[in-house]
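Only one structure is covered here, and it is reproduced in the block below.
Nothing in this text is a laboratory measurement; each read-out follows from the coordinates by a stated rule. Everything numeric in this text was worked out from a predicted model, so none of it was measured. Here the Cβ positions follow ideal geometry from the backbone for every residue, glycine too, while neighbour counts run over all protein chains shown.
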Amino acid sequence: MSDYVAGLRSKVGHDLVLLPGVTGVVLRGAPASREVLAVRRSENGVWTLISGAIEPGEQAHEAMVREIHEETTLQAKVTRLLWVQTLPKSTYPNGDQIQYYDIGFVCEAVAGEAKVGDDESSEVAWFPVDALPALDDRYRKTLVLALEASRDVYLGTEGLRPEELS
């Protein structure tokens, strides 16, 4: 938990907090042999894409690059804005209620070797697109949208394109 979130929690307790977050699909390789980076979460053993909270004063794309580096030690760059959506509310085991306003990105690894970079993950690995470990629905949908040839930005949880909203 960042100092910022800890400060909020000291004031609001376990009440719902809305925070800006980022999710990234980190890719490497040519389209025919493309691989996706995933991390296994320490707290529950579940494989996920890279995600995290935006710090005060930080730009969303900078937060994505920072989160990738913190979790995997890789240097990466953002190549595409993927989506903007509000994720469902959730509750941490300690009772803290949270809801993320999430900004999704497609990213490319540019330097380094993927390895565990912090205590949030127990494992980091590259997977062929067709041989990924089980991912929850949100991350599977993120990956599907990221691999589409379209350069559209998707809005909301249904992955709507802006022209589909009217």
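In this structure, S90 and E113 have a Cβ-Cβ separation that, at R0 = 35 Å, corresponds to a calculated FRET efficiency of about 0.65.
Bridge orientation summary for the chain: considering DSSP beta bridges with both residues in this region, about 70 percent are antiparallel.
Take the Cβ atoms of N44 and A149, set R0 to 35 Å, and the FRET efficiency comes out at 0.55. Using the Cβ of P128 as centre and a radius below 9 Å, the other residues enclosed give a net charge of -1, where K and R count +1 and D and E count -1. Taking trypsin sites (Lys or Arg not before Pro) across segment 65-166, the ones in a DSSP loop with at most 15 further Cβ atoms lying within 10 angstrom of their Cβ are K89, K115, R151.
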